[in-house]
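Peer 1: I have a structure I would like to understand better, so I am pasting it below and will then ask my questions one at a time.
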Amino acid sequence: SEDDALIPLSPYAAAKLAGEHYCTAFHAVYGLETVRLRFFNVFGPRQDPEGAYAAVIPKWVAAMIRGGGVRINGTGEISRDFCYVANVVQGNVLAATVEAKDALNHAYNVAAGKRTTLSELFELLRSGLAPRHPKLAKLKPQEGPFRPGDVMHSLPDIGKAQRLLGYEPTHMINRGLAESLAWYEN
């Protein structure tokens, strides 16, 4: 939940938390009303599959289509809440337009509210692409070392965003992938 103790395990996470502290400080000193959103594993069309910070879904789709291997860092039982971009847009619009005073100056988790293992994600992508890429029918993932700074499981509580912002995810991972795979392929 948003009220859990925050102990960043990577420089990326520490930078995100620093931004939240700035919001808190600007409210305390200048009275600036803020709403802080914490996005979880966002995916959708227009994501770049290249680069050091490429998200796993476009990266794996590109690797599968090119015939390369897909590597799972750590075990396939690592899990994440993959949040389709339409859910993120909804969260941003709700946060930008919220008028209730009790909803201001809080952090909110924006996610789908469902955990998916990396093995399940691999199978969703493989089976979604295989009808157009038959060579993927027998593809298996490779396992690599666990990455420092990663967590085994990530499943945020979205209850606060639901209660105070009216947030309700419209896209679970299956629907988001159905709307994204064609774009990734092109």
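Peer 1: Pairs please, first residue from segment 109-128 and on the phi < 0 side of the Ramachandran plot and of a type outside the set (S, T, N, Q), second anywhere and part of a loop (DSSP other than H, G, I, E, B) and open to solvent by less than 10 Å² (accessible area, probe 1.4 Å), Cβ atoms under 6 Å, 6+ apart in sequence or on different chains.
Peer 2: Close Cβ pairs satisfying both conditions: Ala111/Asp81; Ala112/Asp81; Arg115/Asp81; Leu118/Gly76; Leu118/Ile78.
Peer 1: Related question: Of the residues Val151, Val88, Val110, which is at pLDDT below 90 and under 16 Å from the mean Cα position of the chain (by Cα)?
Peer 2: Within the list Val151, Val88, Val110, the selection yields Val151.
Peer 1: Mind checking whether some residue in segment 92-103 is farther than 24 Å from Ala13 by Cβ, among the β-branched types (Val, Ile, Thr) and outside any helix (DSSP H, G or I)?
Peer 2: yes
Peer 1: Here's another thing I want to ask about it. Can you pull out the residues in segment 12-49 that are without any contact (Cβ under 8 Å) to a residue 12 or more places away in the chain and either open to solvent by 50 Å² or more (accessible area, probe 1.4 Å) or in contact with a Gly (Cβ under 9 Å, 6 or more places away or on another chain) (or both)?
Peer 2: Those that are without any contact (Cβ under 8 Å) to a residue 12 or more places away in the chain and either open to solvent by 50 Å² or more (accessible area, probe 1.4 Å) or in contact with a Gly (Cβ under 9 Å, 6 or more places away or on another chain) (or both): Ala15, His21, Tyr22, Phe26, Ala28, Val29, Tyr30, Leu32, Asp48.
Peer 1: Looking at segment 60-98 only, could you name the residues that are open to solvent by 50 Å² or more (accessible area, probe 1.4 Å), basic (Lys, Arg) and within 17 Å of Thr117 (Cβ to Cβ)?
Peer 2: Within segment 60-98, just Arg71 meets the criteria.
The values are calculated or read from the model by the stated rules, or taken from the named source; none is laboratory data. Just so it is clear, the structure is predicted and the values come from calculations on it, not from any experiment. All Cβ positions, glycine included, derive from the backbone under ideal geometry; neighbour counts span all protein chains shown. Keep in mind that these areas ignore ligands, DNA and RNA; they rest on the heavy atoms of the full protein, side chains included. Shrake-Rupley method; radii C 1.70, N 1.55, O 1.52, S 1.80 Å.
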